[in-house]
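Inspection log for the structure reproduced underneath, given as structure tokens.
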Amino acid sequence: MNINLTLVGETIMFAMFVWFCMKFIWPPLVDAMAARKKSIEDGLKAAERGKEEHAQAKQNAEELLASTKNQAADIIANADKQANVMIDNAKGAASEEADKIKVHAKAELDQEIVKARNELKGQVSTLVMQGVNSVLEKEVDTKTHKDMLSKLSKSL
Amino acid sequence: MASGELTSSAYIKHHLQNLTYGKFPDGHWGFAENAIEAKEMGFMALHVDTLGFSFVLGALFLFLFANAAKRASIDAPSGFQNFIESIIDFIDDNVRGSFKGQNRMVAPLALTTFIWIILMNTMDLVPVDWLPVLAQKIGAIFGIDPQHVFLKVVPTTDPNMTFGMSIGIFLLILFYSVKEKGLGGFLGELTLHPFGKWMLPANLFLEGVNLLAKPVSLALRLFGNMYAGEMIFILIALLPFWIQWSLSLPWAIFHILIVLLQAFIFMTLVIVYMDMAHQKEH
């Protein structure tokens, strides 16, 4: 148990070991462990973010689906309404047209009637004239009688 | 027992003698053949066994950890790598907990002291006669008298070893005290505290004792514990061989605790002393 040069030797050896440990052992191990810790943390964070994004996307999809459904319902309702309007319009137009045709036909008919009557009147006056001619057998002043007759036929 | 012709006292003395290589009083260098010759060498002597075992164990520590450091990557560690990294984590936690300064040297210092001391203390668990007797057999091959072949297996039972480490720590304490606080700050801490400047000699005495007690207590605590443990193993080895296990087994199991505890205490105190050296405010 003598104190001797061993003391110095051990101090030098200790210093060398500490230096080696500080230079070649501690930094790479600690750096690797810190890097691993960071990558695990990042991974967990990314997973968390992915989860959130997934939830967000799901919600978006649901919202989109719901709004699309609403839109579709609106479109169908609009189409129904429009169809009804169109049918109503068509009905109105058709009845109007029918009325017009009716009125037109009536007017034509009236005209025909008037025309036929006038024709008839003319024929009647000629017939009367012939009849009178044959009754009287005498030349009548045709011109005078014609005026008279046309007066007559007008009053008819 | 090593040999029937030995007395108990000679056996114990033989086990407590280092293998000493040094300068004889007449000037030539050589191995001491007995305790008296070793003592006569004085300071100019080396304990070859202490130096050898501590170097081999320190190199083993550096080899294992450098291996782990080379394989350290961002991928999941496995087996041995995991074990090394858990030790690193443990040391790192301790340093972060106790050391408040900024110094990249403290954590490797703590790791080196911790593992090196554990390995050296663990040599105590090797049965006390194995390596010394092996050395004697090897010595006998070279024609050396077995009584002159000494081998002390546990480096930490040599005060040269423990004081060697604690002196290294002491130098670091002085260096960082001066570096962090300035020479004036460090001297002020030694002389102006705790009683103010009019009691300067008393302050210097108290603080000086306080400062010197750090390396001395570090070295003596480790040395004392390991020396006592080794002594008890040697005493147990004096018993008849068929009864030895009944005492050496419980003591060895208990000694595992001491091995780890002493290394841990040494490391913790090193961290605390380094922290004190870095503290600017008292």
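The values are calculated or read from the model by the stated rules, or taken from the named source; none is laboratory data. In this text the structure is predicted, and so the values were computed from the model without any measurement. With ideal geometry, Cβ positions are generated from the backbone for all residues, glycine too; neighbour counts draw on all protein chains shown.
Reported count of residues in the stretch A:1-27, each being facing chain B (nearest Cβ under 7 Å) and within 28 Å of B:Asp92 (Cα to Cα), is 13.
Can you confirm whether B:Ala76 is buried (at least 16 other Cβ atoms within 10 Å of the Cβ) and of a type outside the set (Val, Ile, Thr)? When the stated conditions are applied, B:Ala76 does not pass them. Hey, does the stretch A:62-72 have a residue that's at negative phi, surrounded by 10 or more Cβ atoms within 10 Å (Cβ to Cβ) and outside any helix (DSSP H, G or I)? Looking through the stretch A:62-72, none of the residues is at negative phi, surrounded by 10 or more Cβ atoms within 10 Å (Cβ to Cβ) and outside any helix (DSSP H, G or I). If you take the residues of the stretch B:52-100 that are of a type in the set (Gly, Ala, Ser) and in contact with an Asp or Glu (Cβ under 9 Å, 6 or more places away or on another chain), which of them is nearest to B:Pro155 (Cα to Cα)? If we take residues in the stretch B:52-100 being of a type in the set (Gly, Ala, Ser) and in contact with an Asp or Glu (Cβ under 9 Å, 6 or more places away or on another chain), then B:Ser54 is nearest to B:Pro155 (Cα to Cα).
So that you can scan it fast, the table gives a plain yes or no per residue for (1) crowded, with 18+ Cβ neighbours inside 10 Å; (2) not in a loop (DSSP other than H, G, I, E, B):
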position: B:Gly182; (1), (2): no, yes
position: B:His193; (1), (2): no, no
position: B:Asn225; (1), (2): yes, yes
position: B:Phe233; (1), (2): yes, yes
position: B:Leu257; (1), (2): no, yes
position: B:Phe264; (1), (2): no, yes
position: B:Ile271; (1), (2): yes, yes
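Inspection of the stretch B:4-18 identifies no residue that is of a type in the set (A, V, I, L, M) and surrounded by fewer than 12 Cβ atoms within 10 Å (Cβ to Cβ). The set of residues from the stretch B:242-275 being free of Cβ contacts under 8 Å to residues at least 12 places away in the same chain and of a type in the set (A, V, I, L, M, F, W, C) comprises B:Trp242, B:Ile243, B:Trp245, B:Leu247, B:Leu249, B:Ile253, B:Phe254, B:Leu257, B:Leu261.
Restricting attention to the stretch B:44-78, the residues that are at the interface with chain A (Cβ under 7 Å from one of its Cβ atoms) and either closer than 22 Å to B:His148 by Cβ or part of a helix (DSSP H, G or I) (or both) add up to 14. From the list B:Trp245, B:Trp198, the lone residue that is farther than 30 Å from B:Ala35 by Cβ, at pLDDT below 85 and surrounded by fewer than 14 Cβ atoms within 10 Å (Cβ to Cβ) is B:Trp198. With respect to being within 13 Å of another protein chain (Cβ to nearest Cβ), closer than 30 Å to B:Gln279 by Cα and within 25 Å of the chain's Cα centre (by Cα), B:Ser217 falls outside the description.
Can you confirm whether the stretch B:22-29 contains a residue that is among the charged types (D, E, K, R), crowded, with 17+ Cβ neighbours inside 10 Å, free of Cβ contacts under 8 Å to residues at least 24 places away in the same chain and more than 10 Å from every other protein chain (Cβ to nearest Cβ)? Looking for residues that are among the charged types (D, E, K, R), crowded, with 17+ Cβ neighbours inside 10 Å, free of Cβ contacts under 8 Å to residues at least 24 places away in the same chain and more than 10 Å from every other protein chain (Cβ to nearest Cβ), one finds none in the stretch B:22-29, hence no.
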